[in-house]
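Data block below; observations after.
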Amino acid sequence: MDKTGILLDVKEYPDTDVQKNQVLTLEEWQEKWVDRQIGFHKEQGHELLKKHLDTFLKGKSGLRVFFPLCGKAVEMKWFADRGHSVVGVEISELGIREFFTEQNLSYSEEPIMEIPGTKVFKSSSGNISLYCCNLFDLSRANIGKFDRIWDRGALVAINPCDRQRYADIMLSLTRKGFQYLLCVLSYDPTKHSGPPFYVPDAEIKRLFGSVCNSQCLEKVDIFEERYKRWGIDCLVEKLYLLTEK
């Protein structure tokens, strides 16, 4: 049975405040990498991005693409191989090093002068730069503006109390004519405390609606047996395209 479809009927859950006080620290995220609790990583890349890549890129070349909370996302190499410039931010140095190793890319590292105690890792080709720091400190590094943002596993991982701050940073990084692809998850938040956190349609409009038009490109039933341990019986991934109003 085809579990993919724009017209998939997805319930919106009213109890959105049930997760609002959930907090994970940066140290806890780093521990997930050490303990190999990285089920969010997709070794083959994201199917929805592959499917909608042409819509996202619109035939443009030489774009600057931002990956918030990038982990070791293989899609970063996809974009670099197509001639685009990729910048990511990730708190786990382990995740960043694994990206370069697993993609067989040589790299250098240097301190981020504006953010003491942090580093930026750069591919020898010069078109991938990954900042190892707190995303909320990144604005101090003056990383410039971006044509595209690929947000998968980022907004859904941010502590709910920090979402507005996060959205403000994302929008501050956009250039005129930007395209922002956003993946969120829908499930009953009374049954699973997160992360990943439940992000309803109304929240996307609240966070981005003053600046962006939003279009839901696709909804996919991604429920698998392993998600039963979360106490849920339904999990839908939704892909949105945000564009400038």
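The values are calculated or read from the model by the stated rules, or taken from the named source; none is laboratory data. All of these numbers come straight from a predicted model, not from anything done at the bench. When we count neighbours, we look across all protein chains shown, and the Cβ atoms used for this are built from the backbone with ideal geometry, even at glycine. Accessible surface is based on the protein model in full, side chains and every heavy atom, while ligands, DNA and RNA are left aside. Shrake-Rupley method; radii C 1.70, N 1.55, O 1.52, S 1.80 Å.
Side notes on the structure shown:
- With each label modelled as a point 7 angstrom along the Cα→C-beta vector, the residue 164-residue 232 pair spans 2.5 nm.
- Diffusion coefficient, µm² s⁻¹, Stokes-Einstein with Kirkwood Rh over alpha-carbon pairs of the chain at 25 °C and 0.890 mPa s: 132
- For the chain, the relative contact order is 22 percent, taking Cα pairs closer than 8 Å that sit 6 or more residues apart in sequence and dividing their mean separation by the residue count.
- Here, segment 100-225 yields an orientationally averaged convex hull projection of 10.2 nm² when only Cα atoms define the hull.
- Accessible area of the chain belonging to carbon and sulfur atoms, whole % at 1.4 Å probe: 48
- Segment 174-245, relative contact order [Cα under 8 Å, separation at least 6], %: 48
- Placing unit charges on each Cβ (+1 for Lys and Arg, -1 for Asp and Glu) gives the chain a dipole about its Cα centre, and among 204, 56, 231 the Cα reaching farthest toward its positive end belongs to 56.
- Applying both filters, DSSP loop and at most 12 other Cβ atoms within 10 Å, to the trypsin sites (Lys or Arg not before Pro) of segment 105-212 gives 145.
- Kirkwood Rh and Cα Rg combined as Rg/Rh, segment 33-135: 0.96
- Computed over segment 152-215: relative contact order in percent, which uses C-alpha pairs under 8 Å that are six or more apart: 41
- With at most 15 other Cβ atoms within 10 Å, longest stretch of the chain clear of loop GluC sites (Glu not before Pro) (DSSP): 115-223
- Prolate/oblate/rounded call for segment 138-189, Cα gyration tensor, a/c under 1.5 rounded: oblate
- Separation between Cα centres of segment 106-145 and segment 229-245, rounded to whole Å: 29
- Since only 217, 142, 118 are under comparison, the one whose Cα sits farthest along the positive direction of the charge dipole of segment 107-245, derived from C-beta charges on Lys, Arg, Asp and Glu, is 142.
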